[in-house]
């Protein structure tokens, strides 16, 4: 597979997140934290800091996804759980699976202040299965087995292309599972997940409103995929 075909990879990332860029991005992340902790919206803070340092759109997106306001961090940590044995977990399907595909592709993933793992891939209504999809889904199923969940509900966004194909692929790869599995294709996945008792997602909007959450993407990468060389632009 060529680098250009890798999930989540853009050739300009070599420069945007190279060794020379990381120290400046960390400094910028600290400045964004300073502003958000004083009430500035994250998008406004990133725009202000990004303009100052003349960052690219990818660098600004990375700041937006890795930095979290202090109040949000406290709230998310209070509602994060580490033991989900015997429980039903509702999974943000594209959010989790794309992150795992990127890990399988050895492409770029970011360590975030709230402990989640996020990427810079944008769906924009389009998705296609890639060679790494099977490995990602298989790793997810194995992790859920080892976590001893009672039931897993995977929610896929209906407006996204090939959601039906991904649903079929998930079922075809879930042959040796010890838990109940159901895959849903819905129009308003974010809204549905916000109302679930226990969710798995890296979406900040969902994490800020859900009852409890489990850091599933990080768990699968660590326990099933041998870890990953995360890009770290967190403030020191």
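Taking the chain as a Gaussian network of alpha-carbon nodes connected by springs under 10 Å, the highest mean-square fluctuation of the residues 137, 49, 67 belongs to 49. Report, in degrees rounded to the nearest 10, the 0 to 90 angle that the Cα long axis of helix 70-79 makes with the longest principal axis of the chain. Once rounded, one gets 20 degrees. The residue 223 and residue 24 beta-carbon pair, evaluated with R₀ = 45 Å, returns a calculated FRET efficiency of approximately 0.85.
With 0.36 nm allotted per residue and the present C-alpha distance subtracted, the residue 75-residue 58 stretch has 3.4 nm of extension available.
A Förster radius of 30 Å, combined with the Cβ-Cβ distance separating residue 205 from residue 128, puts the computed FRET efficiency at roughly 0.75. What's the angle, to the nearest 10 degrees (0 to 90), between helix 131-147's Cα axis and the longest principal axis of the chain? Value to nearest ten degrees: 70. Could you state the angle between the C-alpha long axis of helix 57-66 and the longest principal axis of the C-alpha atoms of the chain, as a value from 0 to 90 degrees rounded to the nearest 10? The two axes meet at around 70 degrees. Taking a ≥ b ≥ c as the square roots of the eigenvalues of the alpha-carbon gyration tensor, the stretch 136-210 is classed oblate because a/c is 1.5 or more while a/b is no larger than b/c.
Taking one quarter of the surface of the convex hull spanned by the alpha-carbon atoms of the chain gives a direction-averaged projected area of 12.3 nm². Along its principal axes, the stretch 10-67 has C-alpha extents of 35, 19, 18 angstrom, given from the largest down. Cα centroids of the stretch 200-217 and the stretch 47-92: 10 Å apart.
Each value in this text was obtained by applying a stated rule to the coordinates, not by laboratory testing. Note that this is a predicted model, so its numbers are computed, not measured. Here the Cβ is made from the backbone with ideal geometry for all residues, glycine too, and neighbour counts use every protein chain on show.
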